[in-house]
Structures are given as C-alpha cells and as structure tokens.
Amino acid sequence: MPDAAFGRSVGRRILRSPRWRDPQTWRLASGLVLFAFALTHFLNHALGLVSVQAMEAMQETRSGFWRSLPGTWLLYGSAAVHIGLAVAKLFRQRTWRMPAWDAVQLILGLAIPVLVAAHIAATRGYAAMGGDDSYNVVLRALWPGGALSQSLLLGIVWLHGVIGLHHWLSDRRWYDRWSPVLLVAAVLVPTLAIAGWIEAARRVALFSGGRPAIPPEQVPLRTALIDQTEAIVWTAFLAAAALLAVLLVARWMRGGPTITYAGGRRVRGASGATLLEISRAAGIPHASVCGGRGRCSTCRVLVLDGADDLPSPNAVEAAALDRIEAPPGVRLACQIRPERALTVRPLVPHLDAGPGLARDAYRWGVERRVTVMFADLRGFTTLAEKLYPYDSVFLLNRYFEVMSLAVTSHGGEVDKFLGDGIMALFGIAPARGAGARDALHAARAMLEALETLNHEFSSTLPGPLRMGIGLHTGPAVLGRIGGERQAGLTALGDSVNVASRLEGLNKEFGSVLVASKAVLDAAGLAIEGAREADIPVRGRAQGLPVVIADDLSAFRDVAPTRSDGAPAVARA
C-alpha cells in the first residue's frame with residue numbers, strides 16, 4: 001500500500017525532526033488542542049444567550065468529534081502530555097523568581113487539574129455509566145449552588161490558555177497589529193460564556209417546576225463517582241508536591257556551580273538550573289522577553305570563561321543562535337544548564353533598566369518587516385561650490401522640508417538626514433505590504449516636489465537638482481539609539497544596507513529609482529517603462545532582483561505577492 005508507506009515515511013521524518021524531539025513543541029501542540037476544546041466549549045456556553053435548544057444542538061455537533069474514538073484519544077492524550085510535560089518542567093525548576101505573568105500561568109495550571117476533575121466526573125464520567133449529561137440536566141444540577149465555582153473554573157482555564165498563547169505569539173511580526181483585536185476576543189469569549197450558561201441555567205430552573213436534575217436512585221452513584229475522582233486527583237497532587245519539595249531540598253543541599261558576572265559579582269547557582277533561573281534566583285536583572293522559552297534571543301550571554309564545559313546547543317537554542325548569526329561564545333541563558341563555574345556577560349540590558357523604559361518596546365529593539373528608503377541629491381557638493389554658503393543652507397533646508405512632507409504625508413517617518421541625503425522608514429506601524437505601497441507613492445511625490453524646487457530656484461541654480469532613490473522591503477530591527485533624552489527611532493540590519501546600496505546604483509544606471517523586486521511584490525504595483533535586473537549582493541549566493549525606473553509617473557496595479565510567492569492583499 002503505497003499511501004500507507006508514504007504516511008509512515010512522513011511520520012518518521014516528522015518524529016526525527018529536532019523540533020519534534022523538543023518537549024516544548026509537544027507541550028505547545030497539546031496545549032493548542034486543549035485550547036481548541038475549551039474555546040468550542042465556551043462558545044457553546046455562549047449560545048445560552050440564544051436558547052437551551054441552540055446549546056444542545058451545538059453540543060451534539062461538538063460531541064460528534066470530541067467523544068468519537070479519535071477525538072477522545074486526541075483530547076485525553078493531549079491532556080496527559082500537557083500535564084506530564086508541565087510537571088516535568090516544574091521538577092526542573094530551580095528558582096521561584098519569575099515574571100508575574102509566568103507565575104500566574106503556573107499557579108493556574110496547577111489549580112486546573114484539581115478543579116476540573118469533579119466537573120469531568122460529573123459530565124463525561126457520569127455519561128459513561130449511563131447517566132444523562134445534557135445541558136438540561138447539568139444546568140439544573142449546577143444552578144444556583146455551582147454558579148460561582150463553575151464561573152471561576154471557566155475563567156481560570158481561559159486565562160491560563162490565553163497567557164500561553166500570548167507567550168507563543170508575542171514574537172510574531174503580525175502580533176502587534178492584531179493584539180487589540182485579540183484582546184477584545186480574549187475578554188469577550190469568557191464573558192459571553194459565563195453570561196450564556198447562567199442565563200440558560202436560570203431559564204431551565206424556572207421551567208423545571210422544581211423537579212430534581214438527577215434521578216434519586218442515581219444520586220449516590222454520581223456522588224461516589226465525583227468523590228473518588230477528587231480523591232485520586234488530590235492524592236496525585238499532594239504526592240507530586242511532596243516529591244518536588246524533597247527534590248528541591250536535595251538540590252539545595254548539594255549546591256551548584258559558581259557563576260561570575262561581568263563586573264565581578266559572583267553567585268552560587270542550583271545544580272541543574274538554567275543560567276536564567278540562576279540569575280533570577282540571585283536577583284540579578286536578566287532580560288527574557290519570551291519568558292525563557294527559547295523563542296527570542298534577549299537572554300543571550302557571552303561566555304567569557306567555561307564555555308568548553310557546556311554541552312552543545314539543543315535544537316531550540318541552535319535555531320535561535322543561527323537566526324541571529326551569533327558569534328562563538330554566545331549562548332542563551334534560558335537553555336544552558338551549567339554544572340561547572342562560568343564567567344558570563346549578559347548582552348541585552350534588562351527591560352526594567354530605567355524608569356518608564358519597560359513600556360517602550362523600541363528601546364530594546366523590535367524586529368519588523370519594513371520598507372527602507374534612501375534618497376540622495378546628485379552632485380550637490382559641486383553645485384554648492386557655485387552658490388553662496390547662505391544660499392546653500394537655505395536650499396538644503398528647503399529641500400529637506402518638502403521631502404519630509406512627501407514622506408510623512410504617505411505614512412513614512414524620516415529616520416535621519418545624511419548630508420544631502422535622507423533615510424526614511426515605511427511600515428513602522430505593522431501594515432500589509434510592510435509600507436511598500438506607501439514608499440512608492442512617496443518616491444513619486446518626492447520627484448514631483450523636486451520639479452517644483454527646480455522651478456522655484458531656477459534663477460539661482462546653475463542647473464536642475466537631480467535625485468536618486470533606493471527602496472528595499474525586508475526584516476529590520478527597529479530601536480531607539482542614543483542617550484535617554486536624545487534617542488531616536490532607527491532601523492538596523494541587512495535590509496538597511498541593501499536599500500543604501502540600491503540608492504547608489506542610480507549613478508550607475510542613470511535612473512531615479514532602484515527598488516528591490518520585493519518592494520513591488522509587496523506593494524502590488526508595477527512601474528510603467530521600468531526594467532528589471534539582478535545585482536550581486538555581498539553575503540548572498542544569488543543576485544537580488546531589482547526594478548530600475550527612469551520615471552515614476554505611471555503605476556499599474558498587479559496581484560501582490562508575499563516573500564514566499566503566495567498571493568497577498570495590497571492595502572489601498
């Protein structure tokens with residue numbers, strides 16, 4: 001059976017992948033399954049604002065999947081994997097110093113199995129023994145005595161899941177743009193769910209005529225089932241807590257490696273703890289935007305002494321170090337577990353290093369896909385030699401004034417003035433196309449403004465002003481550079497260097513614009529009369545496709561594409 005063989009081959013490749021050998025991947029995947037179950041369950045509750053019949057109809061559809069054999073294995077298997085990996089991580093925990101939201105997620109995660117056990121026993125467990133666990137029955141059993149406890153349980157489960165999603169998505173480029181919408185959804189779903197089930201429970205109680213929800217002969221069975229389930233869960237919880245306490249005491253008595261930080265401070269860490277945990281336990285500020293999950297590089301350190309005693313990077317750390325092209329000796333503090341003495345220097349200042357700075361993400365750098373523009377006057381130095389110095393200053397200021405207006409009126413931001421040149425950024429606020437469309441329209445407006453300047457200074461200038469513009473769309477790190485009072489937003493990275501190189505090519509091609517093909521693809525525009533070429537770029541095996549234009553008077557809409565070649569939607 002070729003299909004079966006192909007499926008087994010794909011499955012083996014997936015399981016052999018370093019990513020799938022990472023416990024964090026399994027924890028994330030199982031958590032997403034549980035979140036999907038909770039989301040559909042809570043949306044089902046929200047239908048109580050419509051009618052109990054709507055709740056029952058939706059429940060029948062949900063049960064068709066979640067109570068099928070594959071759905072049951074997926075749900076309870078994910079629960080077992082998620083809880084097991086969370087407990088394993090808890091046993092590896094060497095310090096209780098952590099960010100507040102990490103602590104909240106940990107506490108909620110510990111509470112959920114204990115609180116949800118009785119609810120599972122009273123619904124699915126009771127149904128497995130022949131009982132009726134329809135909304136009509138369960139709502140009557142819960143109202144009004146269980147209103148507070150069930151609503152609290154719903155909120156705890158939801159908040160735990162939302163914090164986990166936030167940690168997973170916070171480093172995505174689109175997250176900042178969509179975070180307000182996601183926040184509204186995060187508040188709206190539990191609010192509607194609680195209001196829905198309570199409203200439905202009140203209606204059911206009103207029309208039930210006081211009849212008991214559970215037949216009298218089944219009450220002892222159901223009560224015994226709930227009591228046994230709670231006893232098992234509590235026993236397991238207390239046993240795990242006792243084992244954790246013994247383990248922590250044993251580790252504390254055994255001691256651990258000595259960590260010396262740049263500046264001379266020396267601390268004794270717990271054996272088996274990550275360097276990030278050692279720093280937190282000692283009260284040493286240490287940046288970690290992703291919460292120590294290896295999804296960023298803000299906790300990176302330079303190992304000054306003892307690097308040979310560390311094991312090689314795992315798959316998660318290796319991917320992060322490769323992404324930032326880290327030099328030798330740089331490691332992630334959240335991934336290394338030193339067993340011998342180390343001397344390290346943290347490479348990223350802690351986010352709370354100054355008052356109010358933690359609220360400014362740009363203070364420490366934000367990676368974002370943007371469009372970078374460089375524009376430069378051609379031959380201005382030679383031209384200025386023929387003018388009075390005051391005339392040169394006046395002309396240059398007038399030039400910067402009109403060019404800045406053209407940039408800002410199309411959603412861009414002037415980064416800096418470079419002699420007689422300008423660097424500008426588009427797409428700083430996350431936007432479709434990374435600001436490419438705005439940058440092209442701004443370039444056209446700048447050339448039109450240059451014609452106006454030439455007319456304005458025709459009697460003063462010995463010849464017309466000429467300008468070359470370079471554009472490139474790609475990832476860059478946006479950050480505030482400079483002293484605390486004078487720090488300005490700028491962009492750093494390969495995309496900036498490419499845009500500067502493209503601007504310089506206008507001299508070679510005799511053009512007014514050289515833009516990477518990525519700009520036109522992201523913008524969904526074509527320039528009439530433009531020609532294409534490939535140019536060599538340092539550090540790249542293949543040439544960079546560019547578009548060379550002598551005139552920007554005519555744009556034509558085309559289907560925009562993303563960097564992976566898939567269609568994208570251009571912003572009007």
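The values are calculated or read from the model by the stated rules, or taken from the named source; none is laboratory data. Just so we're clear, the structure is a prediction, and the values are computed from it rather than from any experiment. FYI the Cβ positions are ideal-geometry reconstructions off the backbone, even for glycines, and counts take in every protein chain you see. The area values use the complete protein model at the heavy-atom level, side chains included, leaving out ligands, DNA and RNA. Shrake-Rupley method; radii C 1.70, N 1.55, O 1.52, S 1.80 Å.
Odds and ends about this structure:
- With the simple model of a label 7 Å out from the Cα in the direction of the Cβ, I324 to I120 spans 3.9 nm.
- Note on segment 391-524: the C-alpha convex hull projects to 8.9 nm² when averaged across all orientations.
- Carbon + sulfur, % of accessible area of segment 254-308 - ligands and nucleic acids excluded, 1.4 Å: 44
- Built amide H within the under 5 Å cut-off of D415, gap 5+: M423, A424, L425
- Base-10 log of normalised Debye intensity for segment 37-96 (one unit scatterer per alpha-carbon) at q = 0.21, 0.25, 0.28 Å⁻¹: -0.82, -0.96, -1.06
- Full-extension gain in nm, A341 to E532, via 0.36 nm per residue minus C-alpha separation: 63.1 nm
- Whole-number D in µm² s⁻¹ for segment 275-346, Kirkwood Cα-pair radius fed into Stokes-Einstein, 20 °C, 1.002 mPa s: 177
- Relative contact order for segment 251-330: 19 percent, from Cα pairs under 8 Å spaced at least 6 residues apart, divided by residue count.
- For segment 495-502, backbone phi angles converted through the Karplus equation (6.51, -1.76, 1.60; θ = phi - 60°) give residue-by-residue couplings of 4, 5, 4, 5, 4, 5, 5, 5 Hz, Gly and Pro being listed as x.
- Table column - 3J(HN,Hα) (Hz), segment 442-452, Karplus curve with 6.51, -1.76, 1.60, x for Gly and Pro: 5, 4, 5, 5, 5, 5, 5, 5, 5, 4, 5
- Using the Cβ-Cβ distance between V267 and D102 with R0 set to 30 Å, the FRET efficiency works out to roughly 0.90.
- Compared with the alpha-carbon gap, the fully stretched path from T25 to W73 is longer by 15.4 nm at 0.36 nm per residue.
- In this structure, the amide hydrogen of L304, modeled 1.01 Å from its nitrogen in the peptide plane, lies closer than 5 angstrom to those of T343, V344, R345, counting only residues at least 5 positions away or on a different chain.
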